[in-house]
Amino acid sequence: MPFQKFAVHFGPEQLATMQAAFDATWEELRAAGLDLSTEEKAALMKRKLALRILVSATAGGVHDFETLKEQTLRSLGGGLRVSRRQTRTSEAA
């Protein structure tokens, strides 16, 4: 749970919302075919996700699941690379 060390700054409900947004965003990125072929890439992306959620929750004052997830995905939008397998699947559809 990437947000446990920040428990002093957030209540249990907010921590649960942040974790849910993290998990949902992670699954969405994986389903989109994001290149997570190494442990290093996966760890870096998880750190980026957690940081963006923390920024939205603190500086942005965002406290709901959908907005946290949407802002996180939007903030990552320009730097994402989808695997070729997913791209070919998308083109075939």
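The values are calculated or read from the model by the stated rules, or taken from the named source; none is laboratory data. From a predicted model like this one, the values you see are computed outputs, not experimental measurements. When we count neighbours, we look across all protein chains shown, and the Cβ atoms used for this are built from the backbone with ideal geometry, even at glycine. Areas reflect the complete protein model, heavy atoms only, side chains present, ligands, DNA and RNA absent. Shrake-Rupley method; radii C 1.70, N 1.55, O 1.52, S 1.80 Å.
Below are the figures for this structure:
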{"quantity": "Formal net charge of residues neighbouring Asp64 (Cβ-Cβ distance under 12 Å; K, R +1; D, E -1)", "calculated": "-2"}
{"quantity": "Accessible area of Ser37 in the full protein assembly, 1.4 Å probe (Å², nearest 10)", "calculated": "90"}
{"quantity": "Added length on full extension, which subtracts the Cα-Cα distance from 0.36 nm per residue, Ala32 to Gln14", "calculated": "3.8 nm"}
{"quantity": "For the stretch 27-41 and the stretch 48-77, distance of Cα centres in Å", "calculated": "18"}
